[in-house]
1. Check the range 32-43 and report whether any residue there is free of Cβ contacts under 8 Å to residues at least 60 places away in the same chain and in contact with a Leu (Cβ under 7 Å, 6 or more places away or on another chain).
2. Using beta carbons and a limit of 9 Å, which pairs, at least six apart or on different chains, have the first residue in the range 56-71 and assigned by TED's automatic domain parsing to the domain that holds Tyr44 and without any contact (Cβ under 8 Å) to a residue 40 or more places away in the chain and the second one part of a loop (DSSP other than H, G, I, E, B) and of a type in the set (A, V, I, L, M)?
3. Within the range 143-161, does at least one residue satisfy the condition of being part of a helix (DSSP H, G or I), small (Gly, Ala, Ser) and not assigned by TED's automatic domain parsing to the domain that holds Leu28?
4. Given the structure, is Ser130 part of a loop (DSSP other than H, G, I, E, B) and either of a type in the set (S, T, N, Q) or modelled with pLDDT under 85 (or both)?
5. Can you work out which of the residues in the range 86-112 that are in a loop (DSSP other than H, G, I, E, B) and closer than 16 Å to Thr145 by Cβ is modelled with the highest pLDDT?
6. In the range 133-148, which residues are aliphatic (A, V, I, L, M) and modelled with pLDDT under 85?
7. Taking the condition more than 24 Å from Phe136 (Cα to Cα) and out of contact with any Asp or Glu (no Cβ under 7 Å at 6 or more places or on another chain), does Leu74 pass?
8. What residue, of Ala107, Ala76, Ala112, is in contact (Cβ under 8 Å) with a residue 40 or more places away in the chain and assigned by TED's automatic domain parsing to the domain that holds Glu168?
Amino acid sequence: MTRSDTQSDTQSSRRGGRPRRDEMEGRLFALLDTAAEIFAHQGYAGASIDSIASAARIGKPTIYARYGNKAGLLKAVIQHVLQHRLVPIDRPIIAQTAQGALQEQLANIIAASIAPAFIDLYRLYLNEGSRFPAIFEAFSPQDHTHRLLVEQLERNTAFDTLRVSKDEAASTMLAMAGMLVTMASAQPDYRETIDPSAEAARIVDVCLYGLLKRD
């Protein structure tokens, strides 16, 4: 038997056996991306394991073994999108001023929140979150973003004269940013008109003008 024959046999056995770990991870990523699209377009009730397995070209036993049921799959989809398919919102801030750093952090949050993957997830959350609260418990859009804004406010003494708590100030900014996300989810074309940096600057300017104590 020649060396090339041995290599061919080895490659054939790999094709016929279990996929390698990196191949399996790639297939699972593709499955979760496919499932995200189907859930977004058909809703939780309309989506089925059959249709997702067929579209992703993966066996139903693999899905059930990995995620248990449709609810488990959707939870995994939510975590997948939040962790792997959004613009990073906690990347280092390079602005040199307190207000500039706050604006940059909020701009990062807005940019991630109007990304198509997040908008699809957010629309699904709005439509079905109240019907399936246990499924959407992994999707808490403001928990992480709120903490990042509070950290920016606490990091700079310029914000120590706020008329409200830093928690309240962060919540106010997120509520204003959330209006953009809601509009983008309701009107897809509106998303293209949003400039995250400009919107963040506007929101921060408005909030600080009203919330900072002045002499």
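The values are calculated or read from the model by the stated rules, or taken from the named source; none is laboratory data. The model shown is predicted, which means the values in this text are computed figures rather than measured ones. Glycine gets a Cβ as well: all are built from the backbone with ideal geometry, and neighbour counts include every protein chain shown.
1. yes
2. These pairs meet every condition: Lys70/Ala47.
3. Within the range 143-161 (the criterion being part of a helix (DSSP H, G or I), small (Gly, Ala, Ser) and not assigned by TED's automatic domain parsing to the domain that holds Leu28), the answer is yes, since at least one residue qualifies.
4. It is true that Ser130 is part of a loop (DSSP other than H, G, I, E, B) and either of a type in the set (S, T, N, Q) or modelled with pLDDT under 85 (or both).
5. By that ranking, first place goes to Ile93.
6. Our first condition is that a residue be aliphatic (A, V, I, L, M); within the range 133-148, this holds for 134-135, 138, 148.
Ala134, Ile135, Ala138, listed by residue number.
7. For Leu74, the condition - more than 24 Å from Phe136 (Cα to Cα) and out of contact with any Asp or Glu (no Cβ under 7 Å at 6 or more places or on another chain) - is not met.
8. That would be Ala107, the only listed residue that is in contact (Cβ under 8 Å) with a residue 40 or more places away in the chain and assigned by TED's automatic domain parsing to the domain that holds Glu168.
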